[in-house]
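Undergrad: Below you'll find the structure I mean.
Bear in mind that the values in this text are calculations on the coordinates, not laboratory data. Just so it is clear, the structure is predicted and the values come from calculations on it, not from any experiment. Glycine also receives a Cβ, built like all others from the backbone with ideal geometry; neighbour counts cover every protein chain displayed.
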């Protein structure tokens, strides 16, 4: 993939990401899942273990919502 292609793709999805990040969340989630995915990433020539923490809530209507991703 060329840098130009990557830039054109990200330029199209960034407004959607910003809209999603600023959406209001529910006041109550009866069920909240916390999980993590572990990855090995190369940082300064050395491989390090990193985790991405995932927070998923199920609202009162039973719909799953991604509440956050944290490294």
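Undergrad: Using just the alpha carbons, could you tell me how many Å³ per residue the convex hull of the stretch 31-71 encloses?
TA: Taking the convex hull of the Cα positions in the stretch 31-71, it is 47 Å³ per residue.
Undergrad: Would you mind estimating how fast the chain diffuses translationally, via Stokes-Einstein at 37 °C and 0.692 mPa s with the Kirkwood radius over Cα pairs, in µm²/s?
TA: 218
Undergrad: Is it possible to state the helix-based mean residue ellipticity at 222 nm for the chain, with each DSSP H run of 4+ residues giving -39500 (n - 2.57), the sum divided by total residues, to the nearest 500 deg cm²/dmol? What is it?
TA: On the way: 1 runs with 19 residues, N = 71.
Mean residue ellipticity at 222 nm (helix-derived): -9000 deg cm²/dmol.
Undergrad: Where does helix 3-21 land angle-wise versus the long Cα axis of the chain, in degrees 0 to 90, nearest 10?
TA: Roughly 20 degrees, rounded to the nearest 10.
Undergrad: Still on this structure, please answer the following. So if we plug the beta-carbon distance of residue 41 and residue 16 into 1/(1 + (r/R0)^6) with R0 = 30 Å, what FRET efficiency do we get, rounded to 0.05?
TA: About 0.70, to the nearest 0.05.
Undergrad: Explain nothing, just the number: relative contact order of the stretch 25-71, from Cα pairs under 8 Å at least 6 residues apart, as a whole percent. Present the calculation step by step, with values, prior to reporting the outcome.
TA: Working: 84 pairs, mean separation 17.2, N = 47.
In percent, rounded to a whole number, it is 37.
Undergrad: Okay, next question. For the pair residue 61 and residue 4, what calculated FRET efficiency results from E = 1/(1 + (r/R0)^6), where r is the Cβ-Cβ distance and R0 = 35 Å, to the nearest 0.05?
TA: On the way: r = 42 Å, r/R0 = 1.20.
Once the sixth-power term is evaluated, E becomes 0.25.
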